[in-house]
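Engineer: A single structure is presented below for examination.
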Amino acid sequence: MKIKVLGPGCPRCKATYEVVKKVVEKERTDADIEYVTDMSEATKFGVLVTPAVWVDGEIVIQGKIPSESEILKFIKK
């Protein structure tokens, strides 16, 4: 599984990264997590607002810090 947290490095984006990382570690999910702060790169993924979370080719969260349960829903698919 590939997960990308996309955002310019703001506190909300960093918080999103931490939530994703915590859930992946807690669930012992085999996932590569990348934090993309280059906004020209982020726009290639179709990001309109940040923070955003991309999982295996699809933007699943945009514009808010997700809860652990929201992230869990996407990594359990």
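Engineer: Can you name the helices (runs of 4 or more DSSP H) wholly within the chain that have at least 3 residues being touching a residue at least 40 places away in the same chain (Cβ under 8 Å)?
Structural biologist: 11-27, 68-75
Engineer: Residues in the stretch 1-26 that are surrounded by 14 or more Cβ atoms within 10 Å (Cβ to Cβ), in contact with a helix residue (DSSP H, G or I) (Cβ under 9 Å, 6 or more places away or on another chain) and not β-branched (Val, Ile, Thr): how many?
Structural biologist: Qualifying residue count for the region: 3.
Engineer: Which is at pLDDT below 95 and farther than 11 Å from LYS4 by Cβ, of SER40, SER67?
Structural biologist: SER40
Conditions tested, residue by residue: (1) under 14 Å from LYS4 (Cα atoms); (2) modelled with pLDDT of 95 or more; (3) among the small types (Gly, Ala, Ser); (4) surrounded by 12 or more Cβ atoms within 10 Å (Cβ to Cβ).
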| position | (1), (2), (3), (4) |
| --- | --- |
| TYR35 | yes, yes, no, yes |
| LYS44 | yes, no, no, no |
| VAL53 | yes, yes, no, yes |
| ILE71 | yes, yes, no, yes |
| PHE74 | yes, no, no, yes |
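The values are calculated or read from the model by the stated rules, or taken from the named source; none is laboratory data. All values derive from a computational prediction rather than experimental measurement. Ideal geometry is used to build each Cβ from the backbone, glycine not excepted, and the neighbour counts take in all protein chains shown.
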